[in-house]
Structures are given as C-alpha cells and as structure tokens.
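Novice: Pasting a structure below so you can have a look.
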C-alpha cells in the first residue's frame, strides 16, 4: 500500500512538472516562427519562445527580438542548438531591459499580426511579428558542474583510474550551482 501511494505521488509530481504555467496553457497553432516567416499566418494564435536578443521599450509598448527555439512540454524554450528563426513579440507596457536581458528565455502567447523587415548586420531579415498577450520570463537555470574528489586510497579520478569506479559511492560529486532567479511574467 505504501509503495502504491509513493508511486502515485511520484507520477503526480512528474505530471505537474511537464505542464506549462497557467499563463501559457491553451491551444495554439503549431506554426513555427520560421513557417510564419515563409507563409501568410496572420491571425493565428501562437505560443513561441526562445532567447532574448534585444529589448526595445517604446512609448506605449515593448518589443522583444527573440531567437526562436522549440518548446518543451512545459512551454519552456529547449536549450539545444536548433533554432526556429527570429521573431518579434510586442506587448503593451514597459518591460525593463535590465530584467529582460540578452540571453534570457521567454515564452510569449499572442496573435501573429504581420511581419517587419529589420537589418541583422547587413542582411535584410523578415521577422514574423506577434501581438503578445502574455510575456513569460523564465527563471535562470543553474549550471551544474560536477567536480569529483579522489578515492581515499589515492588511485586518481574517474573510471580510467579505478575499474570499480562508481561516482558518488565513496565520495558524492560536488555540484556547483551558478546563477539563480525567479520567474517573471506579464499577461492575464
């Protein structure tokens, strides 16, 4: 009985971990920023995310230039190398560029409302543009660095030095955490 309860609790926690935050939940078009750039997708309700390239606060709205990434099940931009092209997301109000800094991850929801040409270096780039109703700034993720201590008998580090190497058995790895932060969002 106890194991069944533990299993149920673990499954519930894992299910919650893969759900998007409430502000980002819903049904959205599967159109990517790259597809929106190449086709007429005006009016589609999308959920896009990526890494902030630049933030441009205007008199009434703030526009985010974003390097699009695929989203995980929880709607967070995935950290692999593949990208989905750049896009612009504009939202009414002021968003501080000192908080929404270059490289931070955001996910936006909104309606594709056209496109805009801007220069990337000397290249004339066509950005799909989203009128955002939600801008969700993800907390900074810590970077884990594993540092192993030698075994007490001094044979060295890692599997090449000891055929019975089991990281963490005698001396657990030290995990150094760099970075911290909380999530910020705006929207309804």
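Novice: Given the conditions (1) under 16 Å from the mean Cα position of the chain (by Cα); (2) in contact (Cβ under 8 Å) with a residue 40 or more places away in the chain, which single one is not true for residue 97?
Specialist: The one condition residue 97 does not meet is (1).
Novice: Please tell me if residue 55 is out of contact with any helix residue (DSSP H, G or I) (no Cβ under 6 Å at 6 or more places or on another chain), under 12 Å from residue 130 (Cα atoms) and assigned to a strand (DSSP E or B).
Specialist: It is false that residue 55 is out of contact with any helix residue (DSSP H, G or I) (no Cβ under 6 Å at 6 or more places or on another chain), under 12 Å from residue 130 (Cα atoms) and assigned to a strand (DSSP E or B).
For (1) modelled with pLDDT under 95; (2) more than 30 Å from residue 23 (Cβ to Cβ); (3) in a strand (DSSP E or B), each residue gets a yes or a no:
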| position | (1), (2), (3) |
| --- | --- |
| 99 | no, no, no |
| 112 | no, no, yes |
| 133 | no, no, yes |
| 149 | yes, yes, no |
| 167 | yes, yes, no |
| 175 | yes, yes, yes |
| 181 | yes, no, no |
| 185 | yes, no, yes |
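The values are calculated or read from the model by the stated rules, or taken from the named source; none is laboratory data. Just so it is clear, the model here is predicted, and its values are computed rather than measured. Counting neighbours? That spans all protein chains shown, and the Cβs are built from the backbone with ideal geometry, glycine included.
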